[in-house]
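To keep things clear, I will list the structure first and then write my remarks on it.
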Amino acid sequence: MKNSPSPDTVIAHTRCWIERAVIAFNLCPFARKPYQGEQVRYVVSDAEQPEQLLEDLAAELEQLRASDPELVETTVLIHPWVLQDFLDYNDFLDLVDALLEQGGYADEFQIASLHPDYQFAGTAPDDAENYTNRSPYPILHLLRIDGVARAIAGHPRPDAIPERNIEVMEREGAEKMQALLAECMGRE
């Protein structure tokens, strides 16, 4: 991890992306409230192996479970030094699902997956729609199911969110989104 960014820098890059992409383009219409209410916990894992990351994930699920939702609604677990390859990351999500089930978390939490090279099935790597889930670093976003259910209940058409996001990303274009990510990565 020589010449690696500090945890504070990793968080600054991630917060920039959340502000400039997720919230600015309304990719997740439920993100603004906890972000502005400072109810998001940011954790930078120093894991270099998937097993270590799985341990960090279990610890963060316990931490979130023990936290008051009014203070911590969600956790952004950033893991810059493991699962850089998207296919490895995607395979790792099976272990995440198993942890949720076997650890007794499946009724309380869900995990949103984000990665710098995120690619939806049936898309080309450079397709703009992939930017709906592209982030500065690989991220596991821990969400409380109750919070998601409340947010969805208050949204007029939650089923239309993915289609709308694809339209927004196609309108903005992959080059613009790539430049936005690069700009966020340049922040300290």
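The values are calculated or read from the model by the stated rules, or taken from the named source; none is laboratory data. On a predicted model such as this, the values are computed, not experimentally measured, just so you know. Note: ideal-geometry Cβ built from the backbone for every residue, glycine included; neighbour counts use all protein chains shown.
If a residue must be surrounded by 14 or more Cβ atoms within 10 Å (Cβ to Cβ) and either touching an Asp or Glu at 6+ places or on another chain (Cβ under 8 Å) or of a type in the set (Ser, Thr, Tyr) (or both), how many such residues does the range 141-154 contain?
So the count comes out to 3.
Out of the range 125-144, which residues are touching a Phe, Trp or Tyr at 6+ places or on another chain (Cβ under 7 Å) and either part of a loop (DSSP other than H, G, I, E, B) or modelled with pLDDT under 95 (or both)?
Scanning the range 125-144 gives Asn133, Arg134, Ser135, Pro136, Pro138.
Residues in the range 119-127: is at least one crowded, with 21+ Cβ neighbours inside 10 Å and either closer than 26 Å to Arg150 by Cα or without any contact (Cβ under 8 Å) to a residue 12 or more places away in the chain (or both)? Show your work before the answer.
We begin by selecting, within the range 119-127, every residue crowded, with 21+ Cβ neighbours inside 10 Å; these are none.
There is no residue in the range 119-127 that is crowded, with 21+ Cβ neighbours inside 10 Å and either closer than 26 Å to Arg150 by Cα or without any contact (Cβ under 8 Å) to a residue 12 or more places away in the chain (or both).
Helices (runs of 4 or more DSSP H) wholly in the range 1-94 with at least 2 residues that are in contact with a Ser or Thr (Cβ under 6 Å, 6 or more places away or on another chain) - which ones?
50-66
Name the pairs: first residue in the range 134-157 and farther than 15 Å from Gln39 by Cα and free of Cβ contacts under 8 Å to residues at least 24 places away in the same chain, second residue among the hydrophobic types (A, V, I, L, M, F, W, C) and assigned to a strand (DSSP E or B), Cβ to Cβ under 6 Å, at least 6 apart or on different chains?
Once the first residue is farther than 15 Å from Gln39 by Cα and free of Cβ contacts under 8 Å to residues at least 24 places away in the same chain and sits in the range 134-157, no partner that is among the hydrophobic types (A, V, I, L, M, F, W, C) and assigned to a strand (DSSP E or B) comes close enough.
What do you reckon, is Ile78 of a type in the set (Val, Ile, Thr) and in contact with a strand residue (DSSP E or B) (Cβ under 6 Å, 6 or more places away or on another chain)?
So Ile78 passes the test.
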